[in-house]
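Colleague: Sharing a structure here in C-alpha cells format.
The values are calculated or read from the model by the stated rules, or taken from the named source; none is laboratory data. The shown structure was predicted, so the numbers you read here are calculated from the model rather than taken from an experiment. Every residue, glycine among them, receives a Cβ derived from its backbone with ideal geometry; neighbour counts consider all protein chains shown. Keep in mind that these areas ignore ligands, DNA and RNA; they rest on the heavy atoms of the full protein, side chains included. Shrake-Rupley method; radii C 1.70, N 1.55, O 1.52, S 1.80 Å.
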Amino acid sequence: MTEQLRNAIKDKQRIVIKIGSSSLQHAQTGDMDYIRIEKLVRELCDIRNQGKDVILVTSGAIAAGKKAVHISEIKGSKVPLTTAEKQACSAIGQARLMMTYQKLFGEYNQVAAQILMTKNTIVDNLNRYNATNTFSELLKMGVIPVVNENDTVATYEIEIGDNDTLSAIVAAMVNADLLILLSDIDGLYTDDPRTNPDAKFVEIVEELNDSYMNMGKGSTGSNVGTGGMNTKLIAATISTKAGADMIICNSKDIEILHRIMDGSNEGTLFVAHKDENFDLPEFVSNLHKN
C-alpha cells in the first residue's frame, strides 16, 4: 500500500513546496545559504521542466531584514522585536529575498513572481477570488509563484502566523495535488526525537485523527522559524481535506525533492481525503481563536 501511494506521487501535476527560515540560512551567522537556495531553485525548475505546476512558499524575510540592518547586534539576539520592527525588517528582507530568487531562477531561464498574503486574502471573498485568479494566470504562463506572508502590514488580527499553514492554504486555493514541507526534521515522530530517544518515526498517516494531532508539541528545533510540528499538523489537516497529499521531509538535503517526485519513501506522507464540506475561509478565520 505504501509503495503504491509513493508511486502515485510521480503523477502529481500541481505541487506546492514550502521552505522555512532555518533552511535558508547558515546557522552560525544567520546569513543566506546561497548554495542551498541555488539547489532549491534548480530542483523547482527541473520539476517545472517536467510540465508540472510549481509554487514555492518561502520564509526568511524578517530574518534577512534583521541581518541586513544588524538588528540582532543592536538589540541582542534574545530580545523580541516589536510589531513595527518586524514589519520594517520584513520590508527590507523581502526585497532581498526576492532579488536572490529572481537572479537564481533567471539563471535557469525560469520566470518567478511574488505573491504576498495575509489572512484577509483568504477570508475576504473578493480578495480570495482575485488571488486565486492571479495564481491561475501565473501557472498558465508557466511562471513559478513565490509566496510569503505579507509581514510588512500583518498584525495579529490579520496574520496567518506561520508558513506551514500558509502553504496548505495556498495548496487548497489552487487545488494542488501535493504539498511538500521542507523542514528541519525528518517527518512526524510519536514524540519529539530531540528529547525522547524512544520516539518512533511515522512513515505514513493514512487518516489524521486525534492521536496523530496530539503528537504536535508546537516545538521547533530552530530559533529562526515560527513553525513547530503542531503547525505542520494543522497544515496536514487543511491540505488533506482540500484533496492534496502532504509530505514532511528534512531540508538538509534539498535533492530529496526529486527523490520524492520519483516515488522514493522519504519523509512522512499524509494521505489526502478530500472533504467536500471543508470550508477554507471559515477554517482560516478561526485560526488563533482557540
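Colleague: Which residues, counting only those in segment 16-37, are in a helix (DSSP H, G or I) and more than 17 Å from the chain's Cα centre (by Cα)?
Modeller: Those that are in a helix (DSSP H, G or I) and more than 17 Å from the chain's Cα centre (by Cα): TYR34, ILE35.
Colleague: Please indicate, with yes or no, whether at least one residue in segment 160-168 is of a type in the set (S, T, N, Q), open to solvent by 60 Å² or more (accessible area, probe 1.4 Å) and modelled with pLDDT of 80 or more.
Modeller: No - not one qualifying residue is present in segment 160-168.
Colleague: So, in segment 255-279, how many residues would count as being assigned to a helix (DSSP H, G or I) and open to solvent by less than 20 Å² (accessible area, probe 1.4 Å)?
Modeller: The qualifying residues number 4.
Colleague: Only one of GLU207, GLU149 is of a type in the set (D, E, K, R), in contact (Cβ under 8 Å) with a residue 12 or more places away in the chain and open to solvent by 60 Å² or more (accessible area, probe 1.4 Å). Can you tell me which?
Modeller: The conditions single out GLU207.
Colleague: Name the residue that is surrounded by the fewest Cβ atoms within 10 Å (Cβ to Cβ), counting only residues in segment 1-32 that are over 22 Å from LEU269 (Cα atoms) and touching a strand residue (DSSP E or B) at 6+ places or on another chain (Cβ under 7 Å).
Modeller: Residue satisfying both the conditions and the ranking: ASP31.
Colleague: Just need a number here: residues in segment 33-55 that are in contact (Cβ under 8 Å) with a residue 60 or more places away in the chain, within 22 Å of LYS66 (Cα to Cα) and either touching a Gly at 6+ places or on another chain (Cβ under 8 Å) or open to solvent by 80 Å² or more (accessible area, probe 1.4 Å) (or both).
Modeller: Of the residues in that region, 1 qualify.
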